[in-house]
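Working notes, beginning with the structure itself.
The values are calculated or read from the model by the stated rules, or taken from the named source; none is laboratory data. Given the structure is predicted, the values throughout are model-derived calculations rather than measurements. Cβ: placed from backbone, ideal geometry, glycine included. Neighbour counts: every protein chain shown. When the accessible area is computed, the model is the full protein with side chains, heavy atoms only, and any ligands, DNA or RNA have been set aside. Shrake-Rupley method; radii C 1.70, N 1.55, O 1.52, S 1.80 Å.
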Amino acid sequence: MLGMFVASLSQTIVGPAMPRIVAELGGVEHYSWIATAAMLVSAVAVPIVGKLSDLYGRRWFYLGGLAVFMIGAVLAGMAQGFWFLVFARAVQGLGMGTLMPLSQTIIGDIIPPRQRGKYQGIMGAVFGVTSIAGPLLGGVVTDHLGWRWLFYLTLPLGVVAFVFILKFLHLEKIDQHGRVDIAGILTLTPGLVIALLATTWGGGTYAWGSPLILGMYAVAAVFLVAFVIIETKVEEPLLPLGLLMKPIVALSVGASFAIAVAMFGAIIYIPVYAQGVMGVSATESGAILIPQSVAMILTSIIVGLLITRTGRYKPFLVLGGIVLVIGYWLLASLEYGTSQTHLTLVMIVIGLGLGLSMQVYTLVVQNVVSRRELGIATAAIQFFRNIGSTVGTALLGTVMASTMATSIPSRIAELSEEELAALQESGAAADPAALENAVLDPGALAVLPDFLVEAVRRGLDDAMQAVFLVALPFVVVALALSLFVKQVPLRETVESAEELAATPGSDAAAALGGTGSEPQGVHPRTGPIPVVAPAEAEERAEDRENVRAGER
């Protein structure tokens, strides 16, 4: 959780500073790149690291990810240009793509699913704490020290985490053997990168129907189709398609993807709304996110404890989906002049929905896979969550930029004849792009006439309503998918029934006819016993679990 805390903090601490960074280093059309670069690289790294950790162990991959992350933080703090900062964030993304899935995989290595709920709740609380500390600290540091210090502040925490993990994290040795799926890596990586770049550029830098964007999607499709074909033939696939074909895994992955798209609509673009439309400072915009994070922390912990106590998770997934739909509908209903109190209440509703469901999907998937697939199964959830966050940031950024390009001039055109004449004389409205940048720069707004500032803020408000409205259908999809997630009894052991059956001395091994000290099919006291198929053994294990649950 120390490593997860450092990686998660770096994502949230930058949020309040992004308007200031964009105003200083580039234009608003590049706004989403600071977040997109890290998410894109992280998305590519997650499945690769997840599979390699299944084959060769978690510890050194985890420490390596932490070291790479800290190098990226140093580079980001030293950045003198916008695109170098994007590169540094990509390096950080490589570290995050290692830390985030392995943190949850390591918990899965040592905690049985039945007891894992409360730990998943605590890990969800880590995200919540960073969601509070990150925006608040990011706003204060940006206002008083400058945005570069946001990256340097995570270094001491990273060093502490590295030393702590190096000294205390010792996991059971991985005995798996297998050939690394090089062909899968070489097809998945360019396929993802090209597809996500096309999604990021489409509608902003280039038109969606432009030959470049269409060509990029075509090339990405070729790589990804080749990847799917390769995964059906190799011995140790990078992303086992059979795993993703399990209904409960497919539904959980799909819901996680949809929630991630919408979630980053709140985390990344609420500070834009608060600073650009409401006119608050970076510190205040960070503080607006705190109630959402508090709600998410408390709900996540309570839900984890309730899942451990009851053994049931589906009610929380469905309830979380319903609450999220309500929250995003309220967010899309915000109007110009909305008070900070109103926005805070909306954020609390969204926080409750995220706390009810976000971490539960990981538990659902981990519960139905074997221990040898734990790394790649956990990585699959994180992978599609990262893809969702990347697509969400790019898609919603495109919606914001394209809507602003028309909404701000439209609002200016609604000014009175006297105000328009005054603007013509001063030349203040001559450059729409400059006004788009000015809406996120308090210094630039200070020199504009009040009536023009209000027109620009109203134009941004129109754009933000479009952004939140586009996010709403994704939480509706997540709710629909959650309704079909099957309730499966949570295991009391780290290993699955098949793995226990293959373990000498275990109850499941006895059920299959062996304890390691006598011939298979012979019980030490009762003599010969029938050999039971693995599927039947798993059914019997589930029956025993139901009996124990009833006794409890």
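Just name the residue that is nearest to the chain's Cα centre (by Cα) out of those in the range 309-319 that are open to solvent by less than 20 Å² (accessible area, probe 1.4 Å) and modelled with pLDDT under 90. Looking at the filtered set, the residue picked out is Y313. If the condition is being within 8 Å of L472 (Cβ to Cβ) and open to solvent by 10 Å² or more (accessible area, probe 1.4 Å), then the range 320-334 contributes V325, W329, A332. Test Q104 against the stated conditions and say whether it is polar (S, T, N, Q) and closer than 19 Å to T36 by Cβ. Criteria not met by Q104. Every condition in (1) surrounded by 22 or more Cβ atoms within 10 Å (Cβ to Cβ); (2) touching a Lys or Arg at 6+ places or on another chain (Cβ under 8 Å) holds for G117 except the one numbered (2). Would you check which residues across the range 151-174 are closer than 20 Å to F61 by Cβ, aliphatic (A, V, I, L, M) and not in a helix (DSSP H, G or I) and list them? Result: L169, L171, I174.
Here A207 does not fit the description of being modelled with pLDDT of 80 or more and closer than 27 Å to R89 by Cβ. Could you tell me whether the range 422-438 includes any residue that is open to solvent by 10 Å² or more (accessible area, probe 1.4 Å), closer than 26 Å to E24 by Cα, at pLDDT 75 or above and in a helix (DSSP H, G or I)? Looking for residues that are open to solvent by 10 Å² or more (accessible area, probe 1.4 Å), closer than 26 Å to E24 by Cα, at pLDDT 75 or above and in a helix (DSSP H, G or I), one finds none in the range 422-438, hence no. Would you be able to say whether some residue in the range 259-281 is more than 30 Å from L324 (Cα to Cα), surrounded by fewer than 22 Cβ atoms within 10 Å (Cβ to Cβ) and of a type outside the set (D, E, K, R)? Within the range 259-281, none of the residues are more than 30 Å from L324 (Cα to Cα), surrounded by fewer than 22 Cβ atoms within 10 Å (Cβ to Cβ) and of a type outside the set (D, E, K, R).
Among the residues of the range 50-74, those that are open to solvent by less than 20 Å² (accessible area, probe 1.4 Å) and either hydroxyl-bearing (S, T, Y) or over 20 Å from the mean Cα position of the chain (by Cα) (or both) comprise S53, D54, L55, G57, R58, Y62, L63.
Are any residues in the range 156-173 without any contact (Cβ under 8 Å) to a residue 60 or more places away in the chain and over 18 Å from I110 (Cα atoms), and if so, which ones?
Across the range 156-173, the qualifying residues are P156, V163.
Rundown of residues vs (1) aromatic (F, W, Y); (2) at pLDDT 85 or above; (3) not in a helix (DSSP H, G or I), yes/no style:
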| site | (1), (2), (3) |
| --- | --- |
| R457 | no, no, no |
| D461 | no, no, no |
| L469 | no, yes, no |
| V475 | no, yes, no |
| L481 | no, yes, no |
| K486 | no, yes, yes |
| R491 | no, no, yes |
| E495 | no, no, yes |
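Residue selection: V6 fails the criterion of being in a helix (DSSP H, G or I), open to solvent by less than 30 Å² (accessible area, probe 1.4 Å) and within 22 Å of L396 (Cβ to Cβ). Could you please let me know if W60 is out of contact with any strand residue (DSSP E or B) (no Cβ under 7 Å at 6 or more places or on another chain), free of Cβ contacts under 8 Å to residues at least 12 places away in the same chain and at negative phi? Yes; evaluated as a whole, the condition is true for this residue. Examine the range 440-451 for a residue that is open to solvent by less than 50 Å² (accessible area, probe 1.4 Å), of a type outside the set (A, V, I, L, M) and modelled with pLDDT of 65 or more, and state whether such a residue exists. So far as the range 440-451 goes, yes, one or more of its residues are open to solvent by less than 50 Å² (accessible area, probe 1.4 Å), of a type outside the set (A, V, I, L, M) and modelled with pLDDT of 65 or more. Take K173 and decide whether it is among the basic types (K, R), open to solvent by 70 Å² or more (accessible area, probe 1.4 Å) and modelled with pLDDT under 80. When the stated conditions are applied, K173 passes them.
With the condition kept exactly as written, say whether any residue in the range 214-235 is crowded, with 21+ Cβ neighbours inside 10 Å and within 30 Å of V467 (Cβ to Cβ). Yes: one or more hits. Taking the numbered list (1) open to solvent by less than 30 Å² (accessible area, probe 1.4 Å); (2) over 26 Å from V467 (Cβ atoms); (3) of a type in the set (V, I, T) in turn, I301 passes all entries but (1).
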